[in-house]
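First comes the structure, then the notes that go with it.
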Amino acid sequence: MKKVVLSHRISREAIKILEGVAEVVVTPEGDADRFAELLEEATAAIVGTSIKFTAALMDGAPQLRVISRTGEGVDNIDVHAATARSILVLNTVGVNTASVAEHTVALIVGISKQLVFLDAQVRKGNFQARRLYLPVDLEGKTLGLIGYGKIGRMVAQKCLQAFNMRVIAYDPYISPADETDKIEFCETIEEVFKEADYVSIHVPLTDSTRNLVDNRLLSLMKPTAYLINTSRGGVVCEKSLAEKLRKNEIAGAAIDVFAEEPPGLENELLNCPNVILTPHTAALTKECVTKVSMAAAEGVRDYLIG
Ligand code: NAD
């Protein structure tokens, strides 16, 4: 019988779909070595973002025919190496858009209203923090989007409708003339960094976006502005961001994704003021985990039954 190896546990219903067509083996969470061993006999693999699916890993899996991602970004999979070995790479396009957009808005609200910081002050008995650290309002502020794809668009809609924000965007791959939303498109990425009160990153991690948000772009931001990143950690130069935060050269940041996950304790962002950090959970809502599990499993089942 064909074998499907999962890098992590997925929903019961999704496992049932796979059990109809194959033997299903779940790797103990976080055990990359065991995952590599299990791949030796696998026809299919289902992975999240924690596994770096390199050419070497594929070479240890001679029967592997399909890799299915429980999510959209395939930056952790060497797609060229997979193609060269006739291994199909599947992802679950659009399934997590609403969850990531909601998480982005939650981070924008959370950092503006200082929710995490003020919560800690109340617990410490420092009720006077209410007079010392004033939150800011979103009404009328400018949201700047880098990347106007599925998630960027949904964040734009929510911020326009819920907070009456002005939304500007930079995305060289879309045609502004085709857009009907009340968005102002910028010709350069620099314009967004200069003008926005919130710069929110929604691009894929590719060779051309790695370290896109570097010291030069961060230096253009207003001292009152916030950086939000729910795309991929590798898009932002974390060292430069940490320095801007420590020197109060920007007002704050809210980050769901890290260049290295989990981030090492030496990662400077962990000790910066005015930062909210979440552990790559934007798409890990109860609803979304079920939906992406089903979509990833259905992709493998469809492939296996031809
Ligand atoms: P999408 O493909 O719909 O949109 C990406 C947009 O980025 C496209 O419109 C593209 O033209 C644009 N783009 C590419 N390079 C650019 C550049 N150099 N400058 C400006 N724009 C550029 O993808 P999406 O569904 O909106 O998701 C965006 C990213 O969010 C994904 O690639 C993934 O890395 C990340 N993501 C994160 C989570 C999470 O849990 N935090 C979950 C899902 C997706």
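To keep it simple, each residue is scored yes or no on (1) out of contact with any helix residue (DSSP H, G or I) (no Cβ under 9 Å at 6 or more places or on another chain); (2) modelled with pLDDT of 95 or more; (3) of a type in the set (Phe, Trp, Tyr); (4) closer than 25 Å to Tyr148 by Cβ.
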position	(1), (2), (3), (4)
Ile228	no, yes, no, yes
Gly233	yes, yes, no, yes
Glu238	no, yes, no, yes
Ile250	no, yes, no, yes
Ala253	no, yes, no, yes
Asn267	no, yes, no, no
Ala282	no, yes, no, yes
Thr285	no, yes, no, yes
Worksheet item: So which pairs qualify, if the first residue must be in the range 149-174 and within 22 Å of Thr209 (Cα to Cα) and touching a residue at least 40 places away in the same chain (Cβ under 8 Å), the second must be assigned to a loop (DSSP other than H, G, I, E, B) and more than 6 Å from the ligand (Cβ to nearest atom), the Cβ gap must be under 8 Å, and the two must be at least 6 apart or on different chains?
Response: Lys150/Gly94
Item to complete: For residues that are within 11 Å of the ligand (Cβ to nearest atom) and either among the aliphatic types (A, V, I, L, M) or surrounded by fewer than 22 Cβ atoms within 10 Å (Cβ to Cβ) (or both), tally how many sit in the range 187-216.
Response: 14
Discussion item. From the list Gln121, Gln114, exactly one residue is away from the ligand (no atom under 14 Å from the Cβ), on the phi > 0 side of the Ramachandran plot and at pLDDT 95 or above. Which is it?
Written reply: Gln114
Worksheet item: Mind checking which residues of the range 217-248 are within 16 Å of Ala169 (Cα to Cα), small (Gly, Ala, Ser) and either touching a strand residue (DSSP E or B) at 6+ places or on another chain (Cβ under 6 Å) or surrounded by fewer than 18 Cβ atoms within 10 Å (Cβ to Cβ) (or both)?
Response: Ser231
Fill in: Count - residues of the range 140-158 that are within 7 Å of the ligand (Cβ to nearest atom) and touching a strand residue (DSSP E or B) at 6+ places or on another chain (Cβ under 8 Å)
4
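I'd like to check which helices (runs of 4 or more DSSP H) are fully inside the range 213-306 and have at least 3 residues that are basic (Lys, Arg) and more than 27 Å from Glu190 (Cα to Cα).
286-305
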Fill in: Only one of Glu243, Glu287, Glu260, Glu268 that is within 16 Å of the ligand (Cβ to nearest atom), over 14 Å from the mean Cα position of the chain (by Cα) and of a type outside the set (Gly, Ala, Ser)
Glu287
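Got a sec? Which of Arg65, Arg69, Arg9, Arg34 is within 22 Å of Gly234 (Cα to Cα) and not aromatic (Phe, Trp, Tyr)? Working first, answer last.
Numbers: Arg65 fails: within 22 Å of Gly234 (Cα to Cα); Arg9 fails: within 22 Å of Gly234 (Cα to Cα); Arg34 fails: within 22 Å of Gly234 (Cα to Cα).
Answer to the selection: Arg69.
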Fill in: Which listed residue is polar (S, T, N, Q) and farther than 20 Å from Ser112 by Cβ, from Thr230, Thr224, Thr188
Thr188
Item to complete: Count, please, the residues in the range 226-240 that happen to be more than 16 Å from the ligand (Cβ to nearest atom) and farther than 21 Å from Met154 by Cα.
Response: 2
Worksheet item: Would you call Lys141 within 23 Å of the chain's Cα centre (by Cα), within 30 Å of Gly73 (Cβ to Cβ) and free of Cβ contacts under 8 Å to residues at least 60 places away in the same chain?
Response: no
Practice prompt. Would you please name the residue that is farthest from Lys141 (Cα to Cα), looking only at residues in the range 159-186 that are of a type in the set (Asp, Glu) and within 13 Å of the ligand (Cβ to nearest atom)?
Written response: Asp178
Worksheet item: In the range 18-74, how many residues are touching a His at 6+ places or on another chain (Cβ under 7 Å) and not polar (S, T, N, Q)?
Response: 2
Fill in: Any chance Gly299 is buried (at least 19 other Cβ atoms within 10 Å of the Cβ) and out of contact with any helix residue (DSSP H, G or I) (no Cβ under 6 Å at 6 or more places or on another chain)
yes
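The values are calculated or read from the model by the stated rules, or taken from the named source; none is laboratory data. Given the structure is predicted, the values throughout are model-derived calculations rather than measurements. Note that we place each Cβ from the backbone using ideal geometry, even for glycine, and neighbour counts take in every protein chain shown.
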